[in-house]
1. When you scan the range 1-71 for helices (runs of 4 or more DSSP H) that lie fully inside it, which ones turn up with 2 or more residues that are at pLDDT 85 or above and either touching an Asp or Glu at 6+ places or on another chain (Cβ under 9 Å) or charged (D, E, K, R) (or both)?
2. Inspect all residues belonging to the range 42-49 and state whether any of them is more than 30 Å from residue 63 (Cα to Cα) and surrounded by 14 or more Cβ atoms within 10 Å (Cβ to Cβ).
Amino acid sequence: MKKEDIIRKLASRKLWLAVAALVSGLILAFGGKESTAQTVSGVILQAAAVVGYIIGEGMSDAAGAAGAVVVQEIAPDKLPFMTGPGVEDQDDK
């Protein structure tokens, strides 16, 4: 399994929901209180939200650092350094 696959799985809400369900089920199965199971499940899901956010931001930052550039096409006559006094018209040549 590749590193990217592992990262994507760790950011999966389905995975963290399954983990929370398993842990809360185990707490109840071994005689724990329902309020404890709810609290632990809530903590797991909140941690999953933070992990997902951090991974998402990291992937976004990595894409930006890798040279992802947005290019906007501008007509040459709209460029400020292509117009004005002293600039010859291309048709005059």
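The values are calculated or read from the model by the stated rules, or taken from the named source; none is laboratory data. The structure presented is a predicted model; accordingly, all values stated were derived computationally and were not measured. Neighbour counts run over all protein chains shown; Cβ positions are idealised from the backbone, glycine included.
1. Numbers: elements: 3-10, 13-29, 34-65.
Once the helices (runs of 4 or more DSSP H) in the range 1-71 are filtered for at least 2 residues that are at pLDDT 85 or above and either touching an Asp or Glu at 6+ places or on another chain (Cβ under 9 Å) or charged (D, E, K, R) (or both), what remains is 13-29.
2. Of the range 42-49, the ones more than 30 Å from residue 63 (Cα to Cα) are 42-43.
Within this subset, residues satisfying the condition of being surrounded by 14 or more Cβ atoms within 10 Å (Cβ to Cβ) are none.
No, because not a single residue in the range 42-49 is more than 30 Å from residue 63 (Cα to Cα) and surrounded by 14 or more Cβ atoms within 10 Å (Cβ to Cβ).
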